[in-house]
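Notes to accompany the following structure.
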Amino acid sequence: DYPYPKSKQIPFQVSTEIAPTPWNSDTRLLRIGIQGYKVAREQLPASNLVFLIDVSGSMHSADKLPLLQKALTMLVGQLDARDSISMVVYAGASGVVLSPTPGNCKAEILNALQQLRAGGSTNGAAGIQLAYQLAQQNFIRNGVNRVILATDGDFNVGLASTEELIDLIQRKRKEGIALTTLGFGSGNYNDHLLEQLADEGNGNYAYIDRLNEAKKVLAEELSATLLTIAKDVKIQIEFNPALVSEYRLIGYENRMLNEEDFTNDKVDAGEIGAGHRVTALYEISLAGGKGQRLPPRRYQSEPTISDQAGAAFNNELAHLRIRYKLPGESVSKLIQSPVMDSGINARGGDSFNFAAAVAAFGQKLRGGTYLEDFSYNDIEELARLSRGQDAHGYRSEFMQLVSLAQTLDQSSNVAHNVAGE
């Protein structure tokens, strides 16, 4: 429920909240929410979409090609006569199974989709080249031009290396054709590669494991999936050392930039889709508090705040900067917003606490180094008490995941103890 910006010329609205950390009463949790400008479905520009579909033998199971067909059927249902749909398949060889077709010819599109059958080995790289050719031939100026890759796995035949594949995607990105990747199933599934390809293609990535997730990505959030409102988005936060002695960003390990790259417009960064939102959580130790983990510094970096300039920032916990480029522009714009220290001891609201529960769960699955004694039960209870409005059932589904993970963890410990005996 982050507030929306009023203009797509300034396409972000920033909101912040700070409260005690649920797993450590000696630290504070800072939530930074960034909400993108929302574009109604009927206001989306015309779309030139090329579905690139993996029909190799491994796609046979129900959670792969059959689910993929149902998912793309949902997307087709959102399109109209202004839009164009093409379809390329790849397995041992690649081929066009649907030439560019108007979006209102739904029977023809859905018939081509339902005729797909799984079989053969994987030649994803050749399929991508063919898909980009179709997208280029049918390019819509000032429209959405995008290849949508749907697969369950790796690219094991074709271009000699991942670097060559990425080079192709980068070149097409500069020509105005983005890449969205959708992952299905498990086994030889390569999550890292699909995310990397989408990043390089100025697109987005989603993993679809059930029809409910397909509905979320390809129907409810279609504008965010298709339309980019800002590119090369970079977020930087500077903490006031007079108030904050230590901080850590939770997650985003593969999204880090060097500090000097923030103002360098030649450095590529992430894209934000229409209506998309980003949440970042920082765990911070307040100066003079008990939450520090690092040994005392020999040379103090805290500035004095006795002078007039320092006093002006005395109530600022941090300073947030966002750099972004509007679509079609090459020079970045800057948004700046101070983060005040108000509410530092207040209890977080439902949205804040639910985000904290999700962050705790992610940390727990990776060993929970900073979670102290915060257990799966604690995570589930925090999520339950802060579930709030849950129109689509996503928060309830998260709580089921926590419960399942706890059961698996207990079973693993029992098996380990039995084996040890």
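The values are calculated or read from the model by the stated rules, or taken from the named source; none is laboratory data. What you see is a predicted model, and the numbers here were worked out from it, not measured in a lab. Here the Cβ is made from the backbone with ideal geometry for all residues, glycine too, and neighbour counts use every protein chain on show. These area figures cover heavy atoms from the full protein model, side chains too; ligands, DNA and RNA do not enter into them. Shrake-Rupley method; radii C 1.70, N 1.55, O 1.52, S 1.80 Å.
A viscosity of 1.306 mPa s and a temperature of 10 °C, combined with the Kirkwood radius over Cα pairs in Stokes-Einstein, give a translational diffusion coefficient for segment 210-270 of 106 µm²/s. In terms of packing, defined here as the mean over residues of other Cβ atoms within 10 angstrom, the peptides 390-402, 25-37 line up highest first as 25-37, 390-402.
With 25 Å as the limit on Cα-Cα distance, the pairs of Lys106/Lys174; Lys38/Lys364; Lys64/Lys215; Lys64/Lys216; Lys6/Lys174 that go past it are Lys106/Lys174; Lys38/Lys364; Lys6/Lys174. The accessible surface of the chain, taken with every protein chain in place and a 1.4 Å probe, is 49 percent carbon and sulfur. Helix content alone sets the calculated 222 nm mean residue ellipticity of the chain: runs of n ≥ 4 DSSP H residues at -39500 (n - 2.57) each, divided across all residues, give -9000 deg cm²/dmol. Of the residues Ser337, Leu408, Phe374, the one whose Cα sits farthest towards the positive end of the charge dipole of segment 326-411 is Ser337 (charges of +1 on Lys and Arg Cβ, -1 on Asp and Glu Cβ, taken about the Cα centre).
Partner aspartates and glutamates whose Cα lies under 17 Å from the Cα of Lys234, excluding those fewer than 8 positions away in the same chain, are identified as Asp199, Glu200, Glu253, Glu259, Glu260, Asp261, Asp265, Asp268, Glu271, Glu329.
The structure-derived value of Kirkwood radius over Cα pairs in Å appears in the list [x] 25.5; [y] 23.7; [z] 22.4 under the label [y].
Once amide H atoms are placed 1.01 Å from N in the peptide plane, what residues at a sequence separation of 5 or more from Leu286, or on another chain, have their amide H within under 5 Å of its amide H? HN-HN under 5 Å from Leu286: Arg28, Ser245, Gly291.
Take 286-297, 218-229, 132-143, 366-377 and order them by the average number of nearby Cβ atoms within 10 Å per residue, most first; the result is 218-229, 132-143, 366-377, 286-297. The alpha-carbon positions of segment 11-105 define a convex hull whose volume is 185 Å³ per residue. Accessible area per residue for the chain, computed on protein heavy atoms with a 1.4 Å probe, is 50 Å².
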